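One structure is given below, encoded as structure tokens.
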Amino acid sequence: MSVLIKGGRIVTAADDILGDVFVEDERVTLIGERLDVAADRVVDATGKYVLPGCVDPHTHLDMPFGGTVTVDDFESGHAAAAFGGTTCHVDFVIQSRGQSFGEALADWHAKREGKALIDNGFHMAVTDLDEGGTLEELATLPDQGVTSYKLFMAYKGALMVDDETLFRTMEVAAETGALVLVHAENGDAIDVLVRRALAAGRTEPIHHALTRPPELEGEATNRAIQLAHVAGCPLYVVHVSCSDAALPISVARAKGWPVWGETCTQYLVIDETFLERPDFEGAKYVYTPPPRPLEHQDALWQALRTDTLSAVSTDHCAFLWDGQKTLGRDDFSKIPNGAPGLENRLHMLHELGVRGGRITLNRMVELLATNPAKLFGLYPRKGTIAVGSDADLVVFDPDRRHTITAAAHHSRSDYNLYEGTEVTGAPELVLVRGQVVVDGDELVGKPGSGQFVRRARFGELLTASAPLRA
Ligand code: URP
Ligand code: ZN
Ligand code: ZN
């Protein structure tokens, strides 16, 4: 199968050129002006952007959490991703208590089998080094292409680990060349505040935010940074929601420490007041860290512009409002934490970031594709358009008007965080390794065609000769 994409504006993190892209089998093989080659399919991209497929480094598909299971599996989640121009993501394997890492990884491989439409890798979420996985086993994961370890510093009594587990995992990462990811909030202090709020009869969704103040995210972020520095490992702070957490990251980066941070689309759009919406609608916005007071949004955009924050993910963790979020109708702490978003990251970053004059088109590509690919061992196979790269491509129409609604989205969730938002600019054609998966409004990709990607170790390139398949 060959595809010639003609006359588009080819935008990468570094370049912005008019030209043609020729795809043979799974790779980009030619980039040039007025390419004179025969192709099975010729796409006229005049007036369109040709972007690298976006890479989402933070998703939770088919994940047991909060007494239920996220509503999108690898099929519906991938359909949502593909319509949003995301062609690769890195999902979290969650080690259950008492489970080995190998068992946990096998469980997550089984979840994607026969369903995947786009490519994905896995992070390993370490929850138990006492009765489950061992440090020795953890050290073997990078050989299986799982080159990042995630630790939760919150969710006491569920996923949270203590500082010893965090630090020991960091030491293993320093030896094996893995990247450590942290959910940085002080889970002990939050637990005290939650219990006190409930004892005082404060049960509404807004108390989710009031019991998780920004200072507790800032404290945990700084703690993780200092521990990683002592352990000697690189660190990536997920879902930074506030200036309190961005500050220690900027201080560490100014010192030249190997520390990076991401924020998520929702923190740039939704503020704390959404949690006060009547009739339990506020529960739709219960995710962790919570939406923050409005002033944090400017701080996050500034952090994205100055590279204090280097990526935007979705933290897609979708639930139904009706039947799942409602588990917490009488107790905010029982509302499953998480929200959908996989389909709308590019829409929203283009609308608010590029069209809003906050970031350039190049920076948008860097935040959504190139940096996630580089940080997570996928580059240059993913995250850019170059000869030899996987032909993961998005033909993006910057003039196409699109209204975001739950009725029209592809997640199984019954609501959308950005309901009713009108954007100008949307993907028109999406290719994964040269195969068209989305053509206009039609999903043409076949379940099972997405591949598991064995990622390179931190700082190493995933070159064309590296084995991509499991
Ligand atoms: O509320 C969230 N973010 N749910 C997913 C789990 C996590 O903390 O990333
Ligand atoms: Zn988290
Ligand atoms: Zn998450």
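The values are calculated or read from the model by the stated rules, or taken from the named source; none is laboratory data. Keep in mind it's a predicted model, so treat the numbers as computed, not measured. Note that we place each Cβ from the backbone using ideal geometry, even for glycine, and neighbour counts take in every protein chain shown.
Structure values in brief
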| item | result |
| --- | --- |
| Every pair of residues 6+ apart whose Cβ atoms lie under 6 Å, when the first sits in the stretch 60-71 and is closer than 16 Å to His89 by Cα while the second is within 11 Å of ligand 3 (Cβ to nearest atom) and in a strand (DSSP E or B) | His60/Phe92; Leu61/Asp91 |
| Lone qualifier among Asp279, Asp298 - being assigned to a loop (DSSP other than H, G, I, E, B) and acidic (Asp, Glu) | Asp279 |
| Matching residues in the stretch 326-346 - criterion: being assigned to a helix (DSSP H, G or I), within 27 Å of Ile249 (Cα to Cα) and not hydrophobic (A, V, I, L, M, F, W, C) | Arg345 |
| Residue in the stretch 293-344 that is farthest from ligand 1 (Cβ to nearest atom), counting only those that are touching a helix residue (DSSP H, G or I) at 6+ places or on another chain (Cβ under 6 Å) and of a type in the set (D, E, K, R) | Glu343 |
| Hits in the stretch 419-455 - residues which are out of contact with any Phe, Trp or Tyr (no Cβ under 8 Å at 6 or more places or on another chain), over 18 Å from Val43 (Cβ atoms) and in a loop (DSSP other than H, G, I, E, B) | Glu419, Gly420, Thr421, Lys446, Pro447, Gly448, Ser449, Gln451, Val453, Arg454 |
| Among the residues listed as Glu137, Glu113, the single one being surrounded by 14 or more Cβ atoms within 10 Å (Cβ to Cβ) and either modelled with pLDDT of 95 or more or among the hydrophobic types (A, V, I, L, M, F, W, C) (or both) | Glu137 |
| Which listed residue, of Ala173, Ala154, is in a helix (DSSP H, G or I), buried (at least 23 other Cβ atoms within 10 Å of the Cβ) and among the aliphatic types (A, V, I, L, M) | Ala173 |
| Unique match (being surrounded by fewer than 24 Cβ atoms within 10 Å (Cβ to Cβ) and part of a strand (DSSP E or B)) among Val55, Val93 | Val93 |
| Complete set of residues in the stretch 301-320 that are in contact (Cβ under 8 Å) with a residue 40 or more places away in the chain, of a type outside the set (A, V, I, L, M, F, W, C) and either assigned to a helix (DSSP H, G or I) or out of contact with any Asp or Glu (no Cβ under 8 Å at 6 or more places or on another chain) (or both) | Arg305, Thr306, Asp307, Thr308, Asp315 |
| Which listed residue, of Gly353, Gly323, Gly388, Gly377, is crowded, with 20+ Cβ neighbours inside 10 Å and either β-branched (Val, Ile, Thr) or in a loop (DSSP other than H, G, I, E, B) (or both) | Gly377 |
| Residue that is surrounded by the fewest Cβ atoms within 10 Å (Cβ to Cβ) [pool: residues in the stretch 265-316 that are among the hydroxyl-bearing types (Ser, Thr, Tyr) and away from ligand 2 (no atom under 16 Å from the Cβ)] | Thr306 |
| Test: residue in the stretch 65-79 that is part of a strand (DSSP E or B), within 16 Å of ligand 3 (Cβ to nearest atom) and among the aliphatic types (A, V, I, L, M) | yes |
| Residue satisfying all of: in the stretch 155-189; of a type in the set (Val, Ile, Thr) and within 16 Å of ligand 3 (Cβ to nearest atom); farthest from Leu235 (Cα to Cα) among these | Val161 |
| Residue within the stretch 229-248 that is touching a Cys at 6+ places or on another chain (Cβ under 8 Å), under 24 Å from Leu417 (Cβ atoms), within 16 Å of ligand 3 (Cβ to nearest atom) and not in a loop (DSSP other than H, G, I, E, B) present | no |
| Selected residue (criterion: nearest to Ser76 (Cα to Cα)) from residues of the stretch 333-346 that are surrounded by 24 or more Cβ atoms within 10 Å (Cβ to Cβ) and more than 16 Å from ligand 2 (Cβ to nearest atom) | Glu343 |
